[in-house]
Amino acid sequence: MLNTINHKKMYRLFLGLMSFSAVAFFFSCNKDFPNKLTDNDIVDSTLTGTMERKVLLVVVNGARGEAVRAANIPNMVSLSDNAIYSWNALTEYNNVGTPIADATGWANILTGATSAQHKVTSNDFSGNDLAAYPTFLSRIKAAKPAAKTTAIVSSPALKTNLLTDATQVQELSTDAAVHTAAMTELGSGTSSLVFVEYNGVAIAGAAYGFENTTAQYMNAITQVDTYIGALVEQVKKRDNYKHENWLVIITSNKGGATISIPADLSAYGDSWRNTFTIMYQPKFAPQFVPKPISSRGFSPFKDSALRLYGIPTAAPGGTRVIIQNKPGETNQTLFDVENGALTVEAKVKFNKNSSGNYSYSFPPILSKTTARTGSTAGWSIFKNGNGFTAYLANGTANIQIGGSSAGSINDDLWHTIAMVMYRDGAVFRAEFYKDGDLAASGSLTSAGGITSTAPVTLGFNPEVFSTAYVDMQMTDVRIWKSRVLPTTINKYDCFDQIPPDHPNYATLIGHWSTVKAKLNTATNSFVDVSGNGRVGLINSANGGTVQWTKFDEVSQNLCPTGDEGYYKIVPNNIDISLQVMQWMGINTTTYNLKGRSWISNYINL
């Protein structure tokens, strides 16, 4: 835990402000930014006169953005003073963890469409639908027949499948040869667009690895930086440069596989999807675009969760989830505190009771105990008015920490809760957390361990102190065979996936997500995401039925897996096509492109 609760709140406020800034940035760039370049006002003749707009587009195959940032790249760094740029740009943010073909990245850049649209998923281009998603070269050819476009590349598949509508294409065998030809074209050529592909970085990565610590890979990036510096200088030396208006875009088609396991399980942490983008123009104001810290308060948490509720009948009924033994097990001792430690976490969302509020009188909501009376052995978290009580007992004595104001919840939003139990000398200590903050703590003197023959039960439990049965949703239930420290709870409780850098990762013994997408309809059960094989079986008894509660919620308490808007905070390579055509004065409104316009904040263009 951070030093005080106030410090933790400040930390969360910082995250919230960063998320808010990302939201503000996202919407300002897409809606109301005053200097945004639009299709109807591409060129301001009072500022640019007769200057001809031209584009230099450089694609560096296999260059991970994080590696480029870490490399020795003085030329690209110098461009950032007049550029919109990001080292956390993306390609194909869907299907995280799967490899990406070079051809997919090329097609995204040239068509402005994703692989789900253009169907280019392999380097042989089999099964593609490029006829429905023309390249920007094709669109320039149709809209501006007099405009000359030149492509200088070393990949035959790129030339054959995506560059056929360029005015001229040169295919050469090495980066050095490509660079020489590009220098010649930029020095004296008349092209309105010059497309240059460098492949040396991808070759080095494939041979030696794509790590920041791989010398051959990093040296290849530095070599490309030297090439890029020379290209930009060559543009500035053109005889007619003062009458031309150049936009220089530098990007990569994709990243590459790395050995290290990322802490970020989203597309932002995927080395295949991490690219970089620099959009340079001498009159641009600098604009660095970082990836968001997390999806907290930005990306919606949405799905349909099982409603867990009780019915106050003579034979108590309702709907709950009961964790099942693995084959051969007679009880779930693994989920007992025994003489060690145990941590239980969950995300909870309460429905209003019959009185129209969120107060419940003592119903257990997450338990491993056969009954909630006296000192029945086991552990349980139960509602106590608007707050919570955490119960731990050895069969003869118990502690009940918390109360009606401990971790109080008086709304229908998702929140996180956690109970930590561990042996500390002659006593057991228990701690209860809500939304990452410590809400209650206490200790129980006990010579023996704490065990129970009961299964872990989520939601409704027949053992209550009154007829005020709970009505709620619960998901992302995690059980760790260890003490999870306060700082770890505070940092990780909001995620809906567990990052591999979680300090207790190796001690995760159970993880259940009770959402519809995770239901095995054949067995009416939820899979154990931890891989330990104990499923969560839906149990509906005495009038209880299976009901689903749909939710779509943005909350500062949660860091869900990002949605499309979350990934469009940074440049994506499908954005490149749109920038090229807008800069060249082509109306793109009828093309139905999914890319985002970034060419904004310009000065006297």
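The values are calculated or read from the model by the stated rules, or taken from the named source; none is laboratory data. Quick caveat: nothing in here was measured; it's all calculated off a predicted structure. Glycine gets a Cβ as well: all are built from the backbone with ideal geometry, and neighbour counts include every protein chain shown. Note: areas computed on protein heavy atoms with side chains; ligands, DNA, RNA excluded. Shrake-Rupley method; radii C 1.70, N 1.55, O 1.52, S 1.80 Å.
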Listed by range, strands (runs of 3 or more DSSP E) wholly within the stretch 138-230 having at least 1 residues that are touching a helix residue (DSSP H, G or I) at 6+ places or on another chain (Cβ under 7 Å) and under 23 Å from Met279 (Cβ atoms) are 149-153, 193-198
Of the candidates Thr451, Thr457, Thr514, the one satisfying the condition of being of a type outside the set (Gly, Ala, Ser) and more than 26 Å from Ala397 (Cα to Cα) is Thr514
Picked from the stretch 524-565 (must be out of contact with any strand residue (DSSP E or B) (no Cβ under 8 Å at 6 or more places or on another chain) and under 25 Å from Ala418 (Cβ atoms)), the residue most open to solvent (accessible area, probe 1.4 Å) is Gln556
Restricting the stretch 80-93 to residues that are closer than 17 Å to Val232 by Cβ and of a type in the set (S, T, N, Q), the one surrounded by the fewest Cβ atoms within 10 Å (Cβ to Cβ) turns out to be Ser80
Picked from the stretch 554-605 (must be among the small types (Gly, Ala, Ser) and modelled with pLDDT of 90 or more), the residue farthest from Asn88 (Cα to Cα) is Gly585
Result of the Cβ filter at 8 Å on the stretch 99-114, keeping first residues that are under 14 Å from Asn572 (Cβ atoms) and partners that are of a type in the set (Asp, Glu) and crowded, with 22+ Cβ neighbours inside 10 Å, at least 6 apart or interchain, is Ile100/Glu92; Thr104/Glu92; Gly105/Glu92; Asn108/Glu92; Gly112/Asp575; Thr114/Glu92
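Condition check ((1) over 18 Å from the mean Cα position of the chain (by Cα); (2) surrounded by fewer than 23 Cβ atoms within 10 Å (Cβ to Cβ); (3) over 30 Å from Thr121 (Cβ atoms)) across all residues:
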residue: Ala267; (1), (2), (3): no, no, no
residue: Arg273; (1), (2), (3): no, no, no
residue: Pro312; (1), (2), (3): yes, yes, yes
residue: Pro316; (1), (2), (3): yes, yes, yes
residue: Gln324; (1), (2), (3): yes, yes, yes
residue: Glu329; (1), (2), (3): yes, yes, yes
residue: Phe335; (1), (2), (3): yes, no, yes
When every residue in the stretch 419-464 that is closer than 20 Å to Thr333 by Cα and of a type in the set (Gly, Ala, Ser) is compared, the one modelled with the lowest pLDDT is Ala447
Expected single match for more than 30 Å from Asn351 (Cβ to Cβ) and β-branched (Val, Ile, Thr) among Ile311, Ile278 is Ile278
Selection over the stretch 167-217 where residues are within 22 Å of Ala63 (Cα to Cα) and of a type in the set (S, T, N, Q) yields a count of 8
Take the conditions closer than 22 Å to Met581 by Cα, in contact with an Asp or Glu (Cβ under 8 Å, 6 or more places away or on another chain) and of a type outside the set (Asp, Glu) and apply them to Asn253. Does it pass? yes
Filtering the stretch 129-166 down to residues that are touching an Asp or Glu at 6+ places or on another chain (Cβ under 7 Å) and touching a residue at least 24 places away in the same chain (Cβ under 8 Å) yields Thr135, Leu137, Ser138, Lys141, Thr150, Ile152, Val153, Ser154, Ser155, Leu158
Reported set for the stretch 396-426 where residues are open to solvent by less than 40 Å² (accessible area, probe 1.4 Å) and assigned to a strand (DSSP E or B) is Ile399, Ile401, Gly403, His415, Thr416, Ile417, Ala418, Met419, Val420, Met421, Tyr422
Flagged in the stretch 288-310 as open to solvent by 10 Å² or more (accessible area, probe 1.4 Å), in contact with a helix residue (DSSP H, G or I) (Cβ under 9 Å, 6 or more places away or on another chain) and at pLDDT 90 or above, in numbering order, are Phe288, Pro290, Lys291, Asp303, Ser304
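Working only within the stretch 244-286, note down all residues that are of a type in the set (Val, Ile, Thr) and under 19 Å from Asp102 (Cα atoms).
Ile249, Ile250, Thr251, Thr258, Thr275, Thr277
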Of those in the stretch 493-523 that are open to solvent by 60 Å² or more (accessible area, probe 1.4 Å) and of a type in the set (S, T, N, Q), the residue farthest from Gly310 (Cα to Cα) is Gln497
Within the stretch 174-218, the residues that are farther than 20 Å from Ser154 by Cα, in contact (Cβ under 8 Å) with a residue 60 or more places away in the chain and open to solvent by 50 Å² or more (accessible area, probe 1.4 Å) are Asn212
Taking the stated definitions as given, is Val580 under 23 Å from Pro499 (Cα atoms), touching a residue at least 60 places away in the same chain (Cβ under 8 Å), crowded, with 18+ Cβ neighbours inside 10 Å and of a type in the set (Val, Ile, Thr)?
no
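Quick one: which of Val120, Val77, Val96 is open to solvent by 50 Å² or more (accessible area, probe 1.4 Å), of a type in the set (Val, Ile, Thr) and part of a loop (DSSP other than H, G, I, E, B)?
On the way: Val120 fails: open to solvent by 50 Å² or more (accessible area, probe 1.4 Å); Val77 fails: part of a loop (DSSP other than H, G, I, E, B).
Just a single option satisfies the conditions, and that option is Val96.
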When the stretch 427-486 is checked residue by residue, the ones that are assigned to a strand (DSSP E or B), of a type in the set (Lys, Arg) and surrounded by fewer than 24 Cβ atoms within 10 Å (Cβ to Cβ) are Arg429, Lys434
